[in-house]
Amino acid sequence: MKKYLLLLMTLFSLSVQAQDFEQFFSDSTLRLDYIFAGDVNQQYIYVDQLSKSHRWYGRRHRLAELPLAGNGQITVFDKMTGIVIYRHSFSTLFQEWLATDEAKHTKKSFENVFLIPYPQQPVRIKVELRDYHDKVTAELVHEVDPKDILIRQLQRKKEAPYITLQQAADTTCCIHIAYVAEGYTAEQMDQYLDDCHVAMEALFEHEPFKTLRNRFNVIALCSPSHDSDVSQPGKGIWRNTALASHFDTFYMTRYLTTLHLKQLHDWLAGTPYEHIIVLANTAHYGGGGIYNSYNLSYTRGKHFRPVVVHEFGHSFGGLGDEYPYGDSDPMYFADTEPWEPNLTTTTKNPAKWQNLIDAGKAGLIEGGGYLSKGVWRGQEDCRMRTNEHPDFCPVCQQALTKLINFYTVR
Ligand SMILES: [Zn+2]
């Protein structure tokens with residue numbers, strides 16, 4: 001009797017793995033705002049606010065699978081049955097900050113925003129953060145009743161129209177990219193749209209994006225700033241911009257980010273978006289990209305094109321940097337294989353990209369992930385290593401293809 005019950009339960013859970021999106025979700029988005037707080041010793045996750053917008057622009061298949069492991073994960077359980085009905089992964093600036101000196105003596109908080117499909121029935125949501133040894137360091141579980149009257153209904157911002165730069169072949173099963181303007185005044189929107197076109201064409205010159213171009217839907221959100229250009233704290237310059245971004249993130253000159261994730265998503269509310277590319281109207285070199293969060297790139301310089309594609313490699317592809325940098329504060333260790341598909345900390349056979357090594361298309365080259373020793377990449381040069389190299393290496397291309405298929409093949 002028990003055996004049959006077990007068999008029945010197994011069949012039941014298998015069938016739910018292959019369920020239809022419509023069984024658990026409606027065509028709307030539940031936006032989850034969290035505060036991640038703490039210091040190097042202890043981290044906490046708090047619910048900030050929940051909101052709803054019409055339509056869901058993420059995937060509608062392989063819902064219970066992760067695209068990559070990431071530095072954090074969100075898991076949605078159907079409350080009644082306990083079945084996993086959606087999973088996603090991400091990285092955060094908060095976790096990067098934990099590696100800084102400031103995190104050794106100061107407790108700080110960071111905004112984070114995640115989007116999940118809007119559940120039809122009450123759900124339990126688990127958010128967890130992992131350290132560089134893949135150990136869970138903070139966890140929050142909370143319940144959401146989709147009928148909760150305090151879930152805010154989000155409206156489109158009328159002062160920020162958007163235009164479609166490219167429509168995907170199948171808009172019901174594609175990857176939605178949104179460009180957002182940062183440091184462009186209302187009068188500079190034509191310049192911004194030109195920059196969006198340059199950034200988009202730069203991306204689609206790179207394989208595998210080139211071949212799979214029609215899987216992408218691309219919009220440009222015209223979010224005007226009061227001031228032109230962005231803040232440069234190192235020079236004492238603060239500007240009033242749409243996303244309040246600035247250079248000198250964590251006191252690193254070239255690191256351009258915004259800590260205002262809620263503001264970013266407020267601008268985008270109601271538009272078709274999932275992957276976010278912020279274009280910053282500045283001639284000061286720099287950028288940043290955070291996996292499944294957003295990326296930001298400078299635009300007014302000769303490296304604009306490679307930088308905006310490189311940062312998308314981080315924010316969309318979860319690719320790691322393939323260059324060494326200082327050898328201090330390591331993020332990669334011999335005892336933990338990195339989740340980034342283009343870096344490995346072991347040379348044992350089979351290698352992470354053994355199929356490409358066997359085909360003579362890649363090797364194991366030491367140096368990467370900001371370290372000169374103990375981390376290996378697949379090829380001498382790559383878009384994830386230098387601005388001069390013209391394309392992604394075979395290891396990155398293979399990983400990107402796999403990810404694009406994850407999102408777009410039903
Ligand atoms: Zn690469």
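The values are calculated or read from the model by the stated rules, or taken from the named source; none is laboratory data. Keep in mind that what you see is a predicted model, and the values were worked out from it rather than measured. Because the Cβ atoms are built from the backbone with ideal geometry, glycine has one as well, and the counts that use them run over all protein chains shown. With ligands, DNA and RNA removed, areas are computed over all heavy atoms of the protein, side chains included. Shrake-Rupley method; radii C 1.70, N 1.55, O 1.52, S 1.80 Å.
Listing for the model above:
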read-out: Accessible surface, 1.4 Å probe, highest first, among residues Ser51, Ser109; value: Ser109, Ser51
read-out: Whole-Hz couplings from phi, Karplus 6.51/-1.76/1.60, listed for segment 311-316; x for Gly and Pro; value: 5, 5, x, 6, 6, 8
read-out: Placed amide H near Leu66: partners under 5 Å, 5+ positions off or other chain; value: none
read-out: Shape of segment 149-227, Cα gyration tensor, a/c cut at 1.5; value: oblate
read-out: For segment 204-333, the Rg and Dmax computed from alpha carbons only, in angstrom; value: 15.2, 45
read-out: Under-5 Å amide H pairs with Ile83, H placed in peptide plane, nonlocal only; value: Asp78
read-out: His133, His54, reordered so the largest accessible area comes first (probe 1.4 Å); value: His54, His133
read-out: For segment 109-265, the fraction of alpha-carbon pairs in successive 5 Å shells from zero, as %; value: 2, 7, 11, 14, 16, 16, 16, 12, 6, 1, 0
read-out: Apportionment of accessible area to carbon and sulfur, the chain, percent (1.4 Å); value: 53
read-out: More than 17 angstrom apart: percent of Cα pairs within segment 137-189; value: 68
read-out: Cα-based Kirkwood hydrodynamic radius, segment 32-98, one decimal, Å; value: 14.1
read-out: Under 19 Å from the Cα of Lys373 - aspartates and glutamates, other chains or at least 8 residues apart; value: Asp321, Glu322, Asp327, Asp329, Asp335, Glu337, Glu340, Asp381
read-out: For segment 47-147, convex hull of alpha carbons as volume per residue, Å³; value: 115
read-out: Projected area, mean over directions - the chain, Cα convex hull, nm²; value: 21.3
read-out: Whole-angstrom gap from segment 252-277 to segment 190-244, using each part's C-alpha centre; value: 11
read-out: In Å², nearest 10: area of His197 left accessible to a 1.4 Å probe; value: 80
read-out: Solvent-accessible area per residue for the chain (1.4 angstrom probe, square angstrom); value: 45
read-out: log10 of Debye I(q)/I(0), alpha-carbon scatterers only, for segment 262-317 at 0.14 Å⁻¹; value: -0.37
read-out: Area of Arg55 that stays accessible when all protein chains are in place (1.4 Å probe, Å², to 10); value: 110
read-out: Top positive-direction residue, dipole computed over the chain with Cβ charges, set Met200, Ser51, Val84; value: Val84
read-out: Stretch gain in nm, segment Asp39-Trp238, where the contour uses 0.36 nm per residue and the Cα spacing is subtracted; value: 69.0 nm
read-out: Cα-based Rg / Dmax (Å) for segment 206-275; value: 15.4, 45
read-out: Extent along principal axes [Cα atoms of segment 179-224; Å; largest to smallest]; value: 35, 15, 13
read-out: Charge dipole (the chain, unit charges on Cβ, about Cα centre) - positive-most of Gly286, Ala362, Tyr323; value: Ala362
read-out: Over segment 316-384: Rg over Rh, Cα atoms, Kirkwood Rh; value: 0.94
read-out: Accessible-area order (highest first, 1.4 angstrom probe) of the listed residues His260, His275; value: His260, His275
read-out: Accessible-area value, Ile277, 1.4 Å probe, nucleic acids and ligands omitted, Å²; value: 0
read-out: Amide H contacts under 5 Å for Thr257, placed H, 5+ residues apart; value: His246, Thr249
read-out: Residue-by-residue Karplus 3J(HN,Hα) for segment 146-155, coefficients 6.51, -1.76, 1.60, Hz, glycine and proline x; value: x, 8, 3, 5, 8, 6, 5, 8, 7, 10
read-out: Largest-first principal axis extents of the Cα set of segment 94-195 (Å); value: 45, 43, 30
read-out: Volume per residue that the Cα convex hull of segment 280-410 spans, once the total is divided by residue count, Å³; value: 125
read-out: Restraint check, Lys135/Lys348; Lys52/Lys262; Lys126/Lys352; Lys52/Lys157; Lys79/Lys262; Lys104/Lys235, Cα-Cα greater than 18 Å; value: Lys135/Lys348; Lys126/Lys352; Lys79/Lys262; Lys104/Lys235
read-out: In Hz, Karplus ³J(HN,Hα) per residue of segment 34-40 (6.51, -1.76, 1.60; θ = phi - 60°; x = Gly, Pro); value: 10, 10, 9, 9, x, 9, 4
read-out: Unpaired by the 4.7 Å Cβ criterion, cysteines found in the chain; value: Cys173, Cys174, Cys196, Cys222, Cys396
read-out: Residues Asn405 and Glu337, FRET efficiency given R0 of 22 Å [Cβ-Cβ distance, rounded to 0.05]; value: 0.50
